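The values are calculated or read from the model by the stated rules, or taken from the named source; none is laboratory data. Not measured: the values here are computed from a predicted model. Neighbour counts run over all protein chains shown; Cβ positions are idealised from the backbone, glycine included. All accessible areas refer to the heavy atoms of the entire protein, side chains included, with ligands and DNA or RNA removed. Shrake-Rupley method; radii C 1.70, N 1.55, O 1.52, S 1.80 Å.
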Amino acid sequence: MFELNQKLQNLTPYIPNEKKYRIYLDANESFLEMPDILRKEIHQGLDALLLNRYPDPLAAEACEAFAAYHGLPTKNIVAGNGSDELISVLFMSFLQKGERFATVSADFSMYAFYGRQCEVEHVEIPKNADLTIDPDAVIKTCKERDIRLLIFSNPCNPTSLGLERADVLRIVRELSALVVIDEAYMDFWDQSIVSCFADYDNLMILKTCSKAFGMAGVRLGFAVANDRLAGILKAAKSPYNVNSITQMVGAVTLRHKDLTESAIQDIINSKHELMAGVRKLQTEYGGFTALDSCTNFVSLQMEAPQSFHAYLGEKGIAVRFTEGLIRVTAGTRKENEAYLKAMREYLMKGC
Ligand SMILES: *Cc1c(COP(=O)(O)O)cnc(C)c1O
């Protein structure tokens, strides 16, 4: 019989939801549907696409629109099939056999996943007891363990906490390792370091259209880096990694900065409402803590999180239970209210 190698032996497909739910607050997606203006432009764009031809390998139009959105030069942008693909290319290309990478735990699970697939050693730097990052501990461990690549999400998924710009830049400055800052949620906070991309020889920033831009189904992410690193990432990725439809949808959406900015404000408002409701329950009942949120979700530290997760599931509400935290994505007002009602019922039962 064909023997699977060791790294494949315990692998199972990523299936976020086995069953159907009434309300999905589990994947940090945007709850807003695409505005009609965009849908119309996308339909027109589809009509004009030549699907018999390969896509533009450098996704120039999408990269230009992304660059304009952030006020960056286009040549320093690399597009990926979701930022997830870019993470995989970074691990495959910027690490080689025998080298070590570091994360700051708890963090996004895909970093460890790609590390295992690439057979490189993973050094997990612990967070503080309150789940914040200690920049000095990160710097010290990376130096001591000769780390080649450090990656962390800022703000962090799943903790929802953010590390301020000055602290992030200090880490980049102090290290010779490649430092990858995954800013998947930075559209909801104001401490981006993206404008500093050219100031360091070892910095790469990742962004995604899956969260604030409401395009999780489109699969589009970007890396921003200095000329040398952006150039080498373009060379290391597979040539046709971003399909023509995604490139077009991304370019159309990114050109409407006004629409995105108003969507981001709606999402932040929803998060504030959800947080206010949760904090009210915290005062009334106790038994859990809501962490400060710089993202579009609320993270809860609680006793018996599995039992709460299961209770919500029975009520048809999907939330994420990960790294010991209950992670609740901000939804529509109705969805938030349904979630808060279920949470109140659960707390009233006194479990
Ligand atoms: C959602 C998420 C991503 C993945 O984004 P895609 O562009 O959809 O692949 C990357 N990093 C973090 C921390 C995320 O939460």
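For region 250-266, the count of residues that are surrounded by fewer than 14 Cβ atoms within 10 Å (Cβ to Cβ) and modelled with pLDDT under 95 is zero. Of everything in region 125-178, what is open to solvent by less than 20 Å² (accessible area, probe 1.4 Å), among the aliphatic types (A, V, I, L, M) and not in a helix (DSSP H, G or I)? Give them in sequence order. Matches in region 125-178: ILE125, ILE147, LEU149, LEU150, ILE151, LEU163, LEU175, ALA177, LEU178.
Identify, please: which residue in region 198-212 is open to solvent by less than 30 Å² (accessible area, probe 1.4 Å) and more than 19 Å from ALA62 (Cα to Cα) and is, among those, nearest to the ligand (Cβ to nearest atom)? Across region 198-212, the extreme among qualifying residues is LEU203. Looking across region 213-228, the residues that are under 24 Å from VAL179 (Cα atoms), surrounded by fewer than 24 Cβ atoms within 10 Å (Cβ to Cβ) and in contact with a helix residue (DSSP H, G or I) (Cβ under 9 Å, 6 or more places away or on another chain) come down to ARG219, ASN226, ASP227. Apart from one condition, GLU273 fits all of (1) open to solvent by 60 Å² or more (accessible area, probe 1.4 Å); (2) over 30 Å from MET348 (Cβ atoms); (3) charged (D, E, K, R); the exception is (2). Can you tell me which residue is farthest from GLY214 (Cα to Cα) among those in region 175-186 that are within 12 Å of the ligand (Cβ to nearest atom) and in contact (Cβ under 8 Å) with a residue 60 or more places away in the chain? Among them, the one singled out is VAL180. Within region 113-124, one or more residues are under 24 Å from ALA235 (Cα atoms), within 15 Å of the chain's Cα centre (by Cα) and free of Cβ contacts under 8 Å to residues at least 24 places away in the same chain. Just give me the residues in region 317-351 being of a type in the set (Gly, Ala, Ser) and open to solvent by 10 Å² or more (accessible area, probe 1.4 Å), in sequence order. If the condition is that a residue be of a type in the set (Gly, Ala, Ser) and open to solvent by 10 Å² or more (accessible area, probe 1.4 Å), then GLY324, ALA338, GLY350 are the ones that fit.
Only residues that are in a loop (DSSP other than H, G, I, E, B), of a type in the set (Gly, Ala, Ser) and open to solvent by 20 Å² or more (accessible area, probe 1.4 Å) were counted in region 179-197, giving 1.
A Cβ distance below 6 Å, combined with a sequence gap of six or more or placement on separate chains, defines the contacts here; from region 74-100, residues that are within 15 Å of ALA236 (Cα to Cα) and more than 8 Å from the ligand (Cβ to nearest atom) reach residues that are open to solvent by 20 Å² or more (accessible area, probe 1.4 Å) and of a type in the set (Ser, Thr, Tyr) in the pairs SER88/TYR114; PHE91/TYR114.
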